[in-house]
Amino acid sequence: MALDITPTRSELINLKRRIKQTKNGYKLLKMKRDGLFHEFRTLLSDMIKAKKELTESYILAKSRIDLANSIEGGLKVRSAAIANSASPEVEVERRNIMGVVVPSVSGTNLKQAFGERYIGFTGSSQ
């Protein structure tokens, strides 16, 4: 890489300053990469656990819905599902990790106890 510069002391000082600045920038980018990779690995392990729990919950819910359909009938099961009017709320926030914006997701009203579902024991399969 040929540079058209004059061989003076001030040019040498400027080049040394640029080299130092480049090394510091490289070090900063390396730290940023390591921080993002660590965050990714943490989120990946959480996602794998959540996927496993979701799959297990889905299988259990599907078997219970099939059982309720066979005992009560499809119409009563659908009406009980419609009676549950509370909807979950999901909130997405931004987090800043080393200058990179990463979403952070949280939710409310994701689970309800049986008493909060506004359906009774009579006419339901429980």
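Laid out as a table, the results:
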| read-out | value |
| --- | --- |
| Scope the stretch 15-68; condition touching a residue at least 24 places away in the same chain (Cβ under 8 Å) and touching a strand residue (DSSP E or B) at 6+ places or on another chain (Cβ under 9 Å); matching residues | Lys32, Gly35, Leu36, Glu39 |
| Test for Glu93: is it among the acidic types (Asp, Glu) and assigned to a helix (DSSP H, G or I) | no |
| Single residue of Leu67, Leu75, Leu60 found to be surrounded by fewer than 10 Cβ atoms within 10 Å (Cβ to Cβ), among the aliphatic types (A, V, I, L, M) and part of a helix (DSSP H, G or I) | Leu75 |
| Residue match in the stretch 6-28 (condition: within 30 Å of Val105 (Cβ to Cβ) and either of a type in the set (A, V, I, L, M) or out of contact with any His (no Cβ under 8 Å at 6 or more places or on another chain) (or both)) | yes |
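A short reminder: the numbers here are calculations on the coordinates, not readings from a lab. This structure is a prediction, so every number in the text was calculated from the model and none was measured. Please note: Cβ atoms are built from the backbone with ideal geometry, for glycine as well, and neighbour counts cover all protein chains shown.
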